[in-house]
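The values are calculated or read from the model by the stated rules, or taken from the named source; none is laboratory data. Since the structure is predicted, the reported quantities are computational estimates derived from the model, not experimental observations. All Cβ positions, even for glycine, are placed from backbone atoms using ideal geometry, and neighbour counts span all protein chains on display.
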Amino acid sequence: MSRLPITVATWDYDRVRAIIDGRVPIEGCDVNYLTMPVEECFERAFFHGEFEVAEIGFSPFLIALSRGPTPYVAVPVFLSRMFRHSAVYIRTDRGIEGPADLRGKTIGVPEYQMSAVMWFRGYLKDEIGIEPKDINWVQAGLENPGRRDKFPLNLPPGFPLTSRNDVSLSQMLADGELDGVMSARTPSCFIKGHPQVRRLFPDYRNVERDYHKKTGIFPIMHALGIRRDIYEKNRWLPASLFKAYLQAKRLADAEFAETTALKIGLPWITAEHEATIAALGPDYWSYGVEPNRKTLATMARYSYEQGLSVREVSVDEMFAEGNLSETRV
């Protein structure tokens, strides 16, 4: 039986390295694995369809799915998950002491539709009572001018969102043109220690832990996608991918618990691992649909409420056919 040649593109996560180095094969496939920053991966996948299998931003995916067939079919392998309270940077001279003070402020985002920003806007609505329309949004590149949406938005007329292609968000924050920035990547002005720029939540770890304790949510950022033409001809591929990525993640997870000789270069990695399990549970970075149903449903609700999706997508239509949560490794 001939094997399917596929090029896979993702970022270089610990949880994929066993596939990259061949320790874990993808059944039925000859794999050419490329690693690259996620922004490049998304650009090349969404706009040019370069890869048979690719990491995809889940918020743009939901926007596309709400409108019809998507360029990539999703597999419930959640390559990137992250709490995003740490991703909000504010000016210290604007009277912003907490999230409630963001109402009426001007906030920059690299993309209004990106997953990190969508999750924090959802937090603002559910926990603080601030609607997206209560903030003035500016979209621009974080460090370089210009950035484009992957899919059209569904915002109401007059919604306070403008785009800037002449200057970066980091520069505008440093110059005081913005009151704050929400960004998955850290703005260079913060890294360089700008005296009037700080995180909204300096103690973000405890804030995020409390958020999880209250909601049970560990936000999903990215999933794995199969280009639609490849999926239509190879319906067995989602199961092969799910099994391989789950096995690779389990190998990576085991390294956190290694105590004989630390495999990860942090002296208290074992204590951190134990603390994370105590706070989030033993399978805190779960793949599959059922363990993540509440998180996925919340993400779909946020997407529709925030003028991204044109309808609220159901969890059961998000992924390739078949209950991959039941796939055995």
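Observations on the structure shown:
- Segments classed as helices (runs of 4 or more DSSP H), wholly inside segment 4-104, with at least 1 members that are touching a helix residue (DSSP H, G or I) at 6+ places or on another chain (Cβ under 6 Å) and of a type in the set (G, A, S): 17-20, 58-67
- Unique residue being farther than 30 Å from L4 by Cβ and modelled with pLDDT of 95 or more when the list is A248, A244, A275: A275
- Residue in segment 156-164 that is surrounded by 13 or more Cβ atoms within 10 Å (Cβ to Cβ), without any contact (Cβ under 8 Å) to a residue 24 or more places away in the chain and not assigned by TED's automatic domain parsing to the domain that holds S309 present: no
- Residues that are of a type in the set (D, E) and in contact (Cβ under 8 Å) with a residue 12 or more places away in the chain, drawn from segment 227-257: D253, E255
- Here the condition is being without any contact (Cβ under 8 Å) to a residue 60 or more places away in the chain and outside the structural domain of G141 (by TED's automatic domain parsing); of L224, L262, it holds for L262 alone.
- Lone qualifier among S66, S86 - being farther than 29 Å from L280 by Cα and of a type in the set (G, A, S): S66
- The single condition among (1) assigned to a strand (DSSP E or B); (2) more than 19 Å from the chain's Cα centre (by Cα) that H222 does not meet is (2).
- Residues within segment 156-194 that are part of a loop (DSSP other than H, G, I, E, B) and either of a type in the set (D, E, K, R) or under 21 Å from the mean Cα position of the chain (by Cα) (or both), tallied: 10
- Condition check for V73: touching a Gly at 6+ places or on another chain (Cβ under 7 Å) and not assigned by TED's automatic domain parsing to the domain that holds V207: yes
- If you filter segment 279-297 down to residues that are in contact (Cβ under 8 Å) with a residue 24 or more places away in the chain and out of contact with any Phe, Trp or Tyr (no Cβ under 9 Å at 6 or more places or on another chain), you find that the one that is farthest from F256 (Cα to Cα) is K294.
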